[in-house]
Structures are given as C-alpha cells and as structure tokens.
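J.: First the structure, which I've put down as structure tokens, then a few questions once you've had a look.
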Amino acid sequence: MVAQMHSTRIAIIGAGNVGATCAYALLLRGLATEIVLVDANKNKAEGEAMDLNHSVPFAFPTRIWAGDYSDCTGAAVTIITAGSARLQPGQTRLDLTKTNASVFCEIIPEVVRHNPDGILLVASNPVDAMTYAAWKLSGLPAQRVIGSGTILDTARFRFLLSQHFGVDTHSVHAFIIGEHGDSEVPVWSLANIAGMHLPDFCAARGLPYDQLAMDGIFQQTREAAYTVIERKGATFFAIAAGLADIVEAILRDQSTVLSVSSLIHDYCGIDDVCLSLPTALNQGGVAWVLPMNLNPQETEAMRQSAQVLKANIAHLELVPK
Ligand code: NAD
C-alpha cells in the first residue's frame, strides 16, 4: 500500500512585502505543502502566487495559490500580515493601532469562521496590540494566538553583538523582551557567549568591556526599523525569516524557545497584555512562557513596557465586521 502524504497548509493574509516574502521563505525551506495567499488586492495576491509558483522548480513541491478566506480551512497556521505599514518616517508602530485594529475586525472573524482549530500568527503592527486584538476577536484559546513580537529585535540584537564580539550570531544568546517597539527591554544581565556573561567573556579574551559600545548596540537595535525604512521604505526579509522559524517550531513540534508575543498573566505584576518573553512553541502553539529572572532595572523597564502596551490596547475598538 502506498503511504498517504499528509498535506500541511499555511494561510497568509496580506500578500504585501512581509506576506509575500514570508511565503518565499516557507517555500525555500520546504515547510508547507500548500501556501494560500489572501489579500484585499486579489491582483497582487495572484501576481505573487504566480511568481512563487515559478520558484517551485528551484525549491520543494508546494501548491501555491491566491485564495479567499474559505481557503484558510484546515491551515495549521494562519499568518496575518495585512494592514498598513508605517506610513511616514518618524511615525511609531503605536500610531497604526486604530487603522490596523479596524482591518483585524474584518479579517479575524472570517479566518476563525473557516478555521476554528488552527493557530494565528500575527505580524501586523503594532504587533503586541494586534496579537491582543486577534485573541479577543477570535475567541481562540490564548495559546493558539501568537505575535512575532520581538523575534526580529532579538535577531538584530544578536547580529550586532556578534559583529562587535567577532563570533557567529548562533553563539550569542541574548534576548530583547517586552514591546516590539520603543519601550523594548534588552536583557543584559543574562546575555552570554558560551554561557559566559559578556564582561566575563571579554575578560577571558583579554578585551575591554565597553559599556558605551553596548549602549550603542541597543540603540541601533531599537532604531533598526526606522533606519531601514528610511533607506528602502520597508523591512521584510528578516521578519519573513523569523516567521518561518516560528512556523517551523510549530509544525515540527520543536518546543523552540523564541521571543514571541503572547497573552501574559501574573509576571512581575504584569497581567492581561500581550508582550514578548522567551516562549516555547510546539504544535499546540504556546507550550510555556519563561518567567525570566530579571535584575531590578530590567524588571522596572518591563513594567513600563507593559504600561505602554496597556495604554495602547485600552484604545482598541473591536467590533467584528
Ligand atoms: P504592505 O503594504 O506591503 O502589505 C500589506 C498588505 O495588506 C497589502 O497587500 C494590502 O492589500 C493588504 N491588506 C490591507 N488591508 C487588507 C484587508 N482588509 N484584507 C486583506 N488584505 C489587506 O505592508 P508590509 O510591508 O507587508 O507590512 C505589513 C505589516 O507588517 C505592517 O503592519 C507592518 O508594520 C508589519 N511589519 C511587522 C514587522 C514585525 O516585526 N512584526 C516587521 C515588518 C513589518
């Protein structure tokens, strides 16, 4: 008897820069057997699907098409990248809350109507508020609603640290937590290379530990999106690669620990808000969130980040359309 191949469908809502590049990353990694693109601009979704299909001979057998919400049926993960990107240089992610909350009121009820059993993965900004909105609008258990959170900020932080210390990014273990945005928090107290705190690593290598350089690295991390947008108008390669990592952790049931956004309860006095902490992801979505042992300054910075986000979600108007 021939074994039946199990199909794995990923739905992507929003076939813009982030959505299309994410589909490309999934395709090149052979993570899904089916990828459906849904966009209010059907022409754009069709064009992207065609271009992606022409990449299939260079990648893995994958069925890719421009569909509608009914095609979300059975998707293991539905990735939401629809909505406005930052409109002008200098505008913050939080400014987008109102516009994208209204888009989510349209999208999320449609997705869950056709797919009540899948996982929602939110990338649209401001991603923490939009993750909270997706949870509220979907009625899904919180563990099945995940935001890309600070996965990108953590990647930028590790990249810059790796450049400074002259080691591979994979050898740098350091997290950015809290808001994906201006109030994000670098966890310096636990950052390490080969298990050694950064000042100890420097001492062992006979290098000076340069606090000013570290401050500069965090500043560059926090401002990276603004810097890239100023030059090329949008950021999408790195977030697409990060979304593919999240999807892989889920599909392969890996319990990979990533800094993603999810509903937080009872951490350092923080409650009922979505923000990023190191989070294990498996096929059920969020397996567990790690209550990091922060120092007093980091704890205070996390409380402030949570307050910024609380103030932001207080303005959400969530009326399903
Ligand atoms: P984009 O403008 O290129 O694409 C957005 C797409 O959404 C467009 O194709 C548009 O037609 C579609 N869309 C808008 N309203 C819709 C609706 N109601 N239904 C279906 N489709 C709809 O923007 P982009 O550069 O791809 O960015 C997308 C989102 O991702 C933005 O909110 C941006 O800020 C965010 N983003 C997040 C991160 C992160 O780290 N989380 C990184 C980069 C970008």
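J.: For the chain, find the longest principal axis of its Cα atoms and tell me its angle to the long axis of helix 151-165, 0 to 90°, nearest 10.
T.: Computed tilt is about 40 degrees.
J.: Let's see if you can work this out: charge +1 on each Lys and Arg Cβ, -1 on each Asp and Glu Cβ, no other charges. What is the dipole magnitude of the chain about its Cα centre, in debye to the nearest 20?
T.: On the way: 21 positive and 31 negative charges, 81 e Å.
Charge dipole, the chain, about its Cα centre: 400 debye, nearest 20.
J.: Can you find, among ILE246, SER148, GLY19, the residue sitting farthest towards the positive end of the charge dipole of the chain, where Lys and Arg contribute +1 and Asp and Glu -1 at Cβ?
T.: GLY19
J.: Rounded to the nearest Å, what's the spacing between the alpha carbon centres of the range 22-70 and the range 123-174? Just the number, please.
T.: 23 Å
J.: Shifting gears a bit: I need the fraction of alpha carbon pairs in the chain separated by more than 28 Å, rounded to a whole percent. Walk me through the intermediate numbers first.
T.: Numbers: 19938 of 51360 pairs.
Every Cα pair in the chain considered, those over 28 Å come to 39 percent.
J.: For the chain, give me the percentage of DSSP beta bridges that are antiparallel, rounded to the nearest 5 percent.
T.: Working: 22 of 42 bridges.
In the chain, approximately 50 percent of DSSP beta bridges are antiparallel ones.
J.: Taking only Cα atoms, what is the 0 to 90° angle, nearest 10, from helix 127-138's long axis to the longest principal axis of the chain?
T.: 40 degrees
J.: Stretched out fully, how many nm does the piece from ASN293 to LYS42 gain, at 0.36 nm a residue minus the Cα gap? Show your work: numbers first, answer last.
T.: Values: separation 251, 0.36 × 251 = 90.36 nm, distance 4.71 nm.
Result for the pair: 85.7 nm of gain on full extension.
J.: Still on this structure: Please express the shape of the range 175-319 as an equivalent ellipsoid: the semi-axes are the square roots of 5 times the eigenvalues of the C-alpha gyration tensor, given largest first in whole angstrom.
T.: Working: eigenvalues 135, 78, 74 Å².
Working from the Cα gyration tensor, I get semi-axes of 26, 20, 19 Å.
J.: Next up: Report the residue, chosen from HIS114, HIS180, HIS164, that carries the largest GNM mean-square fluctuation when the chain is represented by alpha-carbon nodes joined by springs under 10 Å.
T.: HIS164
J.: To continue, here is another question. Counting Lys and Arg as +1 and Asp and Glu as -1, each charge on the Cβ, what is the dipole of the range 137-289 about the Cα centre in debye, to the nearest 20? Present the calculation step by step, with values, prior to reporting the outcome.
T.: Details: 8 positive and 16 negative charges, 84 e Å.
So the magnitude is around 400 debye.
J.: Once the cut-off is 17 Å, how many percent of the Cα-Cα pairs in the range 185-251 end up in the long-distance tail? Each step should come with its number before you reach the end.
T.: Numbers: 1363 of 2211 pairs.
Taking all Cα-Cα pairs of the range 185-251, the fraction more than 17 Å apart is 62 percent.
J.: Something else now. Cα to Cα, under 12 Å, and not fewer than 8 places away if on the same chain: which aspartates and glutamates meet these conditions relative to LYS42?
T.: Counting by Cα, and skipping residues close in sequence, LYS42 has these aspartates and glutamates nearby: ASP68.
J.: Helix 42-53 against the longest principal axis of the chain: what's the angle in degrees, Cα atoms only, rounded to the nearest 10?
T.: 80 degrees
J.: Starting from the Cα of SER171, step 7 Å along the direction of its Cβ; do the same at CYS268; then give the gap between the two resulting points in nm.
T.: Placing both labels 7 Å along Cα→Cβ, they lie 3.0 nm apart.
J.: Follow-up question, since we're still on this one. Pull up the DSSP beta bridges for the range 113-268 and report the antiparallel fraction as a percent, rounded to 5. Show your work: numbers first, answer last.
T.: Values: 7 of 10 bridges.
In the range 113-268, approximately 70 percent of DSSP beta bridges are antiparallel ones.
J.: So, one more: Would you tally the net charge around ARG252, using a Cβ to Cβ cut-off of less than 15 Å, leaving ARG252 out, and scoring K and R as +1, D and E as -1?
T.: Once positives and negatives cancel, what remains is -2.
J.: If the only charges are +1 at each Lys and Arg Cβ and -1 at each Asp and Glu Cβ, what is the size of the charge dipole of the range 121-192 around the Cα centre, to the nearest 20 debye?
T.: Values: 4 positive and 6 negative charges, 46 e Å.
Using Cβ point charges on Lys, Arg, Asp and Glu, the range 121-192 gives about 220 debye.
Computed from the coordinates by the stated procedures, all read-outs in this text should not be read as laboratory data. Given the structure is predicted, the values throughout are model-derived calculations rather than measurements. Every residue, glycine among them, receives a Cβ derived from its backbone with ideal geometry; neighbour counts consider all protein chains shown.
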